[in-house]
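Chemist: Structure in structure tokens, see below.
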Amino acid sequence: MKFGLLLMTIPLLLASCGGRVESEGSFFDIEGRFVGSQGGDTVFLKRVVDGGYEFADSTITSADGSFALTAQVSGPDFYVLHVNSLPQTITLVADTSQQIVFSAKLGSYDTDYVVEGSPESEDICEMVRRLNIVKRVNDSLGYIFRSNINTPNLEALKQQLDSIYYIYYNGLRNYSYDYVTQNPSSLASIVCLSQYIAPRVPVFDPKDDVKYFKTVAEALDKRFPDNFHVAKLQKYIEKIETAQSEGVSLTDKIKKGDKAPEIKLPNLRGDSVKLSSLRGKYVLVDFWASWSDVSTRNNENLVKCYWKYYHSNFTIFQVSLDNNYDRWKQAIKDQKLSWTQVCDHKVWNGKAVMDYGATTLPYGVLISPDGTVLRTGIISENLDQILSEYIGKPRSAPRTQPAQ
């Protein structure tokens, strides 16, 4: 999600503020401490502006890690705080005459901090805390899954892990929905809308949750009619609506019109096969795995579409996320998958998976005969309709001449 420069900081959000304000009027002060610092660390405060960051203040921590900063502000605005040249930042919403107090552990200041004296910064801090809980759960469950990927009860384990994940995921979504509904005119709601649990896994789905984006944009436009953060949000909403009308996803790493990234992987015989070797045909690049029951159901429909359009210049290039060769081979045989099959046995760490941004299974991308991306995020239930749009009525098998 990239509707504002602020969003560069969202995945690592960490805000802690507070402090005693010596200045009056258009200034705010931050008094803070980094636990674990022995002094000499440089703390930077920057205002988020259109095009990047604008320097506001900096200082050196004392022997116990404490510091004080002061910056001028004309009204509620976004600031970021960071230490030395580290990329991790803390996002704050500061206003005039606020006394912001901040404390954090130096080694994990973007995930372990406390902030007081700035209500919207306090709200962001709570968002960060909740988001990081879900991220840690997601990482732990992923580790358990990968550690047991060759066990016979993998599907049952996956269902159990998924049920645990969705308890935390739905809890975060409900909290976030409530926050933007109750605080639509808060700048912190922009941060809330921008949360990502993992790449391509937003808390607010642009397609299904556009009403929340609109609610916040309308409320903030009344409060800050000339604010560039609000303008960025409004432009992002326009992109969402355009994407919906064109049938594409904003979370796709590749999009319609892009040149399809090359894939070169071994097939069942161990021979390297290139995606480009199928140039001249409509190709569905489909990511799947034998351990995914959703992929199995998807393959049932793929088989029907494959044979329906077999004589219409269409084929399938399927990339497996299996890391067990025998299991992969058996699934291909059992499910009667007759098209090109490749796999590097790296599960989610394969280059093709990363190049295409496949973070869920199944995940399909339709490519034109000249190698251009036509559609992304395809599932087999919609494939017949999509192919009919590009190919038209499928051809029948060519007749052969009877023997003389």
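The values are calculated or read from the model by the stated rules, or taken from the named source; none is laboratory data. Because the structure is predicted, anything quoted here is derived from the model rather than measured. Counting neighbours? That spans all protein chains shown, and the Cβs are built from the backbone with ideal geometry, glycine included.
Chemist: Does residue 131 satisfy the condition of being free of Cβ contacts under 8 Å to residues at least 60 places away in the same chain, of a type in the set (A, V, I, L, M) and in a helix (DSSP H, G or I)? So that I can check it myself, show each step before the final result.
Modeler: Details: free of Cβ contacts under 8 Å to residues at least 60 places away in the same chain: no; of a type in the set (A, V, I, L, M): yes; in a helix (DSSP H, G or I): yes.
In short, no.
Chemist: For region 29-82, how many residues meet the condition of being hydrophobic (A, V, I, L, M, F, W, C) and either within 12 Å of residue 102 (Cβ to Cβ) or touching a Cys at 6+ places or on another chain (Cβ under 6 Å) (or both)?
Modeler: The total comes to 9.
Chemist: Pairs please, first residue from region 180-205 and over 17 Å from residue 126 (Cβ atoms), second anywhere and basic (Lys, Arg), Cβ atoms under 6 Å, 6+ apart in sequence or on different chains.
Modeler: Hits for this filter: 185/223.
Chemist: Which of the residues belonging to region 293-324 are outside any helix (DSSP H, G or I) and hydrophobic (A, V, I, L, M, F, W, C)? Give the derivation first.
Modeler: Keep residues of region 293-324 that are outside any helix (DSSP H, G or I), which gives 309-324.
Hits for region 293-324 are 314, 316, 317, 319, 321.
Chemist: Filter region 108-141 for residues that are over 23 Å from residue 97 (Cα atoms) and polar (S, T, N, Q) and give the result. Please lay out each step first, then the result.
Modeler: Within region 108-141, the first condition is being over 23 Å from residue 97 (Cα atoms), and the residues that meet it are 108-112, 127-141.
Matches in region 108-141: 108, 111, 132, 138, 140.
Chemist: Okay, next question. Just a yes or no: is a residue in region 377-386 part of a strand (DSSP E or B) and either in the same structural domain as residue 270 (by TED's automatic domain parsing) or surrounded by 15 or more Cβ atoms within 10 Å (Cβ to Cβ) (or both)? Can you show your working first?
Modeler: As a first pass, look at region 377-386 and keep what is part of a strand (DSSP E or B): 377-378.
From the residues that got through so far, the ones that are either in the same structural domain as residue 270 (by TED's automatic domain parsing) or surrounded by 15 or more Cβ atoms within 10 Å (Cβ to Cβ) (or both) too are 377-378.
Yes: region 377-386 contains one or more residues that are part of a strand (DSSP E or B) and either in the same structural domain as residue 270 (by TED's automatic domain parsing) or surrounded by 15 or more Cβ atoms within 10 Å (Cβ to Cβ) (or both).
Chemist: Output the residues belonging to region 54-93 that are over 18 Å from residue 105 (Cβ atoms), surrounded by 13 or more Cβ atoms within 10 Å (Cβ to Cβ), in contact (Cβ under 8 Å) with a residue 40 or more places away in the chain and of a type in the set (Ser, Thr, Tyr).
Modeler: Matches in region 54-93: 70 only.
Chemist: Can we say residue 368 is outside the structural domain of residue 201 (by TED's automatic domain parsing), surrounded by 21 or more Cβ atoms within 10 Å (Cβ to Cβ) and among the hydroxyl-bearing types (Ser, Thr, Tyr)? Don't jump to the end; show me each part of the working.
Modeler: Numbers: outside the structural domain of residue 201 (by TED's automatic domain parsing): yes; surrounded by 21 or more Cβ atoms within 10 Å (Cβ to Cβ): no; among the hydroxyl-bearing types (Ser, Thr, Tyr): yes.
Considered against the rule, which asks whether it is outside the structural domain of residue 201 (by TED's automatic domain parsing), surrounded by 21 or more Cβ atoms within 10 Å (Cβ to Cβ) and among the hydroxyl-bearing types (Ser, Thr, Tyr), residue 368 comes out as no.
Let's see how each residue does on (1) in a helix (DSSP H, G or I); (2) within 16 Å of the chain's Cα centre (by Cα); (3) not assigned by TED's automatic domain parsing to the domain that holds residue 325:
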| position | (1), (2), (3) |
| --- | --- |
| 157 | yes, no, yes |
| 165 | yes, no, yes |
| 184 | no, no, yes |
| 206 | no, yes, yes |
| 217 | yes, no, yes |
| 234 | yes, no, yes |
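Chemist: What's the total number of residues in region 250-279 that are crowded, with 17+ Cβ neighbours inside 10 Å, farther than 30 Å from residue 201 by Cα and in contact with a Pro (Cβ under 8 Å, 6 or more places away or on another chain)?
Modeler: So the count comes out to 1.
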